[in-house]
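The values are calculated or read from the model by the stated rules, or taken from the named source; none is laboratory data. Quantities reported herein were computed from a predicted structural model and do not represent experimental measurements. Here the Cβ positions follow ideal geometry from the backbone for every residue, glycine too, while neighbour counts run over all protein chains shown.
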Amino acid sequence: MVNKKNCLKGLPSKDFLLGKGIKYKAFKPPNNAVPNNGWVESSVNWEEDETKQESVNILLTKRKDNGDLQFRAGVARVPLKEIDRIIEQYEIENQFKYNEDPIEGNKYHGNLQFHTTLLSIKEDYTQVCAALARAVVCRILPSE
Amino acid sequence: MMIQKTDQSQIKFEITPELNFTDNYANIGTHPSTSGSDVDLSINGNFQRKPNQKLTKNARNSIHVSLNPFQNLYKNKILDTIDKYFEDIANDKISEIDVSYDNDDETLNLQWNIRNSTLIVVIGPTPGSSFWVFLSGKEDRVMRAKGDLDKFLLLIPGLIDITERTSTEN
């Protein structure tokens, strides 16, 4: 259970943008991700609401080891109710879920979790990732 | 599904509520929005071609790897078809097409966001590893199929027309 309003997904580069929209790949778990008990995770931040900037700012100011911004193309915001809608509509309650997973320096961290049974059928998880991308309501850009 | 080609520029495209994909075609799930029962998808497409406009120019130039002949053939067929049927509305309805190659599974991935619809075509190394997914409308109405990309080519005008019909929902 996540008691937040929005999901924030960091976008590492413009390669994840398509016109005014987002490519489905932005939500796809990394190809080299190792399943944990059958689940593969894709990191996100949770946001209490749009007026509270801290969660967004953590992502927008996050830097890689070389000093570059981690999410140069900004952050995509998806309402949690849309994620719940996708889970219900596609009947994937046992194959896709999310959690809160606070880490040091980022109490808003969490994950979108894809079960390996979903990932084993490319057209299924492509459809789910595309639905998530379509549910993006806005993109928040870094200041630099 | 009935596909009736009436002439070169007009394709009748109709999906019955009892979507009956067979063989390589598979309907996903059982919820109403994928069954087609809650949406009228009957289409009489009539698209005007305007020469010298290439919506897909950037997409054509975005691949810098050597594609296998199957992928190259269908990449060009799909982009040619999109150009053919979309040129009349390309000017005022923003649309971008992305084509990229995924080295991990050797697939060519095409994503087209037009208005509030999304089309994804994955061209695998073989016909059997290829599929397409189309989502449209305020909530996702889904069409998709696996395998036969020649059948998909016939559907493109209809999918374009669906984007027009559903674009006023949001």
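Remarks
- In the stretch A:93-113, the residues that are of a type in the set (S, T, N, Q) and under 21 Å from A:Val128 (Cα atoms): A:Asn94, A:Gln95, A:Asn99, A:Asn111, A:Gln113
- Condition met for A:Glu82 (within 12 Å of chain B (Cβ to nearest Cβ) and touching a residue at least 12 places away in the same chain (Cβ under 8 Å)): yes
- Residue in the stretch A:14-30 that is farthest from the chain's Cα centre (by Cα), counting only those that are assigned to a loop (DSSP other than H, G, I, E, B) and closer than 19 Å to B:Val133 by Cβ: A:Gly19
- Residues within the stretch B:98-117 that are assigned to a strand (DSSP E or B), in contact with a Ser or Thr (Cβ under 8 Å, 6 or more places away or on another chain) and charged (D, E, K, R), tallied: 1
- Test: residue in the stretch A:91-102 that is farther than 17 Å from A:Lys28 by Cα, within 9 Å of chain B (Cβ to nearest Cβ) and free of Cβ contacts under 8 Å to residues at least 24 places away in the same chain: yes
- Taken over the stretch B:100-118, the residue count meeting the criterion of being of a type outside the set (Asp, Glu) and either over 19 Å from A:Asp15 (Cβ atoms) or exposed (fewer than 15 other Cβ atoms within 10 Å of the Cβ) (or both) is 5.
- Enumerated strands (runs of 3 or more DSSP E) restricted to the stretch A:67-144, each holding at least 2 residues that are crowded, with 18+ Cβ neighbours inside 10 Å: A:75-79, A:96-100, A:109-115
- Scanning the stretch B:56-77 for residues that are at pLDDT below 85 and out of contact with any helix residue (DSSP H, G or I) (no Cβ under 7 Å at 6 or more places or on another chain) returns B:Lys57, B:Asn58, B:Asn61, B:Ser62, B:Ile63, B:His64, B:Val65, B:Ser66.
- Contact map, the stretch A:60-76: first residue without any contact (Cβ under 8 Å) to a residue 24 or more places away in the chain, second residue of a type in the set (Lys, Arg) and surrounded by 13 or more Cβ atoms within 10 Å (Cβ to Cβ), Cβ cut-off under 6 Å, separation 6 or more or different chains; the map is empty.
- Scan of the stretch A:1-16 for residues that are buried (at least 19 other Cβ atoms within 10 Å of the Cβ) and either closer than 15 Å to A:Ala73 by Cβ or within 14 Å of chain B (Cβ to nearest Cβ) (or both), ordered by number: A:Leu8, A:Lys9, A:Gly10, A:Leu11, A:Phe16
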